[in-house]
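The values are calculated or read from the model by the stated rules, or taken from the named source; none is laboratory data. This is a predicted model, so every value here is computed, not measured. Please note: Cβ atoms are built from the backbone with ideal geometry, for glycine as well, and neighbour counts cover all protein chains shown. Remember, those area values only see protein heavy atoms, side chains included, never the ligands or the DNA or RNA. Shrake-Rupley method; radii C 1.70, N 1.55, O 1.52, S 1.80 Å.
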Amino acid sequence: MLHKHFQMFSAASGLIANPNKSSIYFGGVNNMIQQQIMDILGYTKGELLFRYLGVPLSTKRLSAIQCEPLIERMLSRIQSWTTKFLSYAGRAILVKSVLFAIQTFWAQIFILPKKIVHFIQAICRRFLWTGNVEPTKKALIAWDKLCAPKVAGGLNFINVELWNKAAICKLQWSICTRKEKMWIQWVHTYYIEENTVWNTEPKNASWAIQKIFKARNNFANAGLLEEDVQKMEKCSAKQLYRTMQRDFPKVTWWKLVCNN
């Protein structure tokens, strides 16, 4: 069926898939049927894990080893900077505007391993206080304090673990409200069916899908039900993060998320 639609697209657009650059991936298909499908389509068999748009694609839990490209990119960026004459304020700007931006793309797609979260924070902490990534005991202020809002005496650095939770909450919101998207239609067809999002326990789903569904607990902690989330016209991970930093009553939390 999918191949038929590809052919229809090719006929309409004039674009043709290159078999030498295309692969087919199987799950739960015996070897004989796999070979028959490959003979018909002319594609080679691909193997997970592979990278797409710079990030690894896998059906299993993201491992620390798979996050090495993320860490290497942060380290290479620091090593390319000339920071000898930068003040603490200058390095703080680089941490906020560059280093945290690098991890944001990954954090809104995956549930990052805690080991990686701690390593990202360690890289940023070392660079802030020393200008490099070498291990150091020099930390004038605790990192948790620096992640606090400025009104609370912090520097408003991103708490990577909390930001990751906020970004995954946005995926949960999408499942509740953006049913026109293909991946969400697939989730509803195979896991939700006639049930509600809040009452669905996709035990046979991948680890990532299960984690997205568990993000409803973060909404529940703010006093929001599925009906409340469905009424949100838009959802900002940034605003979700800000509101998750503090204990807001339900009405205030909801208004902040919906209006920003």
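Go through region 20-37 and give me each residue that's part of a loop (DSSP other than H, G, I, E, B), closer than 18 Å to residue 6 by Cβ and not small (Gly, Ala, Ser). Step through it out loud before you land on a result.
To start, the set of residues in region 20-37 that are part of a loop (DSSP other than H, G, I, E, B) comprises 22, 25-30.
From the residues that got through so far, the ones that are closer than 18 Å to residue 6 by Cβ too are 22, 25-26.
Within region 20-37, 25, 26 qualify.
For residues in region 55-110 being within 23 Å of residue 173 (Cα to Cα) and open to solvent by 80 Å² or more (accessible area, probe 1.4 Å), which is modelled with the lowest pLDDT? Can you show your working first?
Filtering region 55-110 for residues within 23 Å of residue 173 (Cα to Cα) gives 55, 57-62, 101, 103-110.
Subset that is open to solvent by 80 Å² or more (accessible area, probe 1.4 Å): 59-61, 105, 108.
Numbers: 59: 62, 60: 69, 61: 76, 105: 79, 108: 78.
Restricting to residues being within 23 Å of residue 173 (Cα to Cα) and open to solvent by 80 Å² or more (accessible area, probe 1.4 Å), the top hit is 59.
Residue 193 is checked against (1) in contact (Cβ under 8 Å) with a residue 24 or more places away in the chain; (2) more than 28 Å from residue 160 (Cβ to Cβ) and fails just one. What number does that condition carry?
Checking residue 193 against (1) in contact (Cβ under 8 Å) with a residue 24 or more places away in the chain; (2) more than 28 Å from residue 160 (Cβ to Cβ), the one that fails is (1).
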